[in-house]
Amino acid sequence: MSNSQELSGKVALITGAARNMGRAFAAALATQGADIVVHYHSNSAAAEAEETARLVKEQGKRALLVQGDLANPQVVEGIFKDTLQTFGRIDIVINNAGMIIKKPLVDYSEEDFDHSFAINTKAPFLVMQQAARHLQDGGRIINMGTSLLAAFTGFYSVYAGSKAPLEDFSHALAKEIGSRGITVNTVAPGPINTPFFHGEENEQTVAYLKSASVTGRLGQVEDIVPMIEFLASEKSRWVTGQTLLINGGFVTR
């Protein structure tokens, strides 16, 4: 991570920022000079969200903690309202919150399906709507998808299926608001060495996923951060409506 401060004066809202990649994105963009809105979902994540805010403040930047279920339109509207009241602007939105349930397609319950699509599809859609209404001209929307979009594999049907719409949301919104200089992209990581990933895997599946990369390892959060820094910056002004697979050769298309 550089500390060029090229995001000085900008405000970034990051959903699911209490831990894992969300925390790393918050710290990285604060290092670049942005103030950060740290979203977290449940009370159980409050302490971790506070730690993310502390990392932001260590960089001399401001942090606003916001909590709530992003599948609720009123909650999303409230988060954007609070952000604007606190900072007066929003420049960057990273749709990072998500959930994964891994099992055979025939074993998913209706509750599994509805919960996954609420968090992975409906929530980012609602966030994108508010972002389109409130972002400064020249803003950035970054949606976190999955490299499973390009994979031919089992047991991730509802996770991959609920993440897949982000690609089309990005295409449409990039066209609709591109004249304002706002870019909209989907970043699609492969397997990343985080608790989010390991929660649904075992020793055998981890070994297989490691072997699928060109260097025989899982991705690290640090492998994804540079792409987020780039997409959040002015340097990415000609990159929009794209799905960027970042996975060390795990899959391609």
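List of remarks:
- Residue-span extension gain [residue 129 to residue 220] - 0.36 nm each, minus C-alpha spacing: 29.7 nm
- Each Lys and Arg contributes +1 and each Asp and Glu -1, all at the Cβ; summed about the Cα centre of the chain, the dipole is approximately 660 debye.
- Degrees between helix 123-134 axis and first principal axis of the chain (Cα, 0 to 90, nearest 10): 20
- Cα lying deepest toward the dipole's positive end in the chain, options 7, 166, 151, charges on Cβ: 7
- Distance from the alpha carbon centroid of region 139-159 to that of region 23-46 works out to 22 angstrom.
- Pairwise FRET efficiency - residue 110 versus residue 175, Cβ, R0 = 41 Å, nearest 0.05: 0.75
- Helix axis angle, 221-232 relative to the chain longest principal axis, alpha carbon, degrees: 40
- Applying a threshold of 27 Å to the alpha-carbon distances of 102/122; 81/102; 57/210; 102/235; 122/235; 103/163 flags 81/102; 57/210; 102/235; 122/235 as lying beyond it.
- Rounded to whole Å, sorted largest first: equivalent-ellipsoid semi-axes of region 151-253, Cα gyration tensor: 28, 16, 11
- C-alpha long axis of helix 46-58 to longest principal axis of the chain, angle in °: 50
- Cα gyration tensor category, rounded, prolate or oblate, for region 1-152 with a/c compared to 1.5: prolate
- From most to least packed by mean Cβ count within 10 Å, the peptides 12-20, 178-186 give 12-20, 178-186.
- Theoretical FRET efficiency, 1/(1+(r/R0)^6), r = Cβ-Cβ of residue 72 and residue 102, R0 30 Å, to 0.05: 0.70
None of the figures in this text is laboratory data; all of them are computed from the coordinates on show. Please read these numbers as outputs of a predicted model, since none were measured by experiment. Cβ sites come from the backbone with ideal geometry, for glycine too, and all protein chains shown count toward neighbours.
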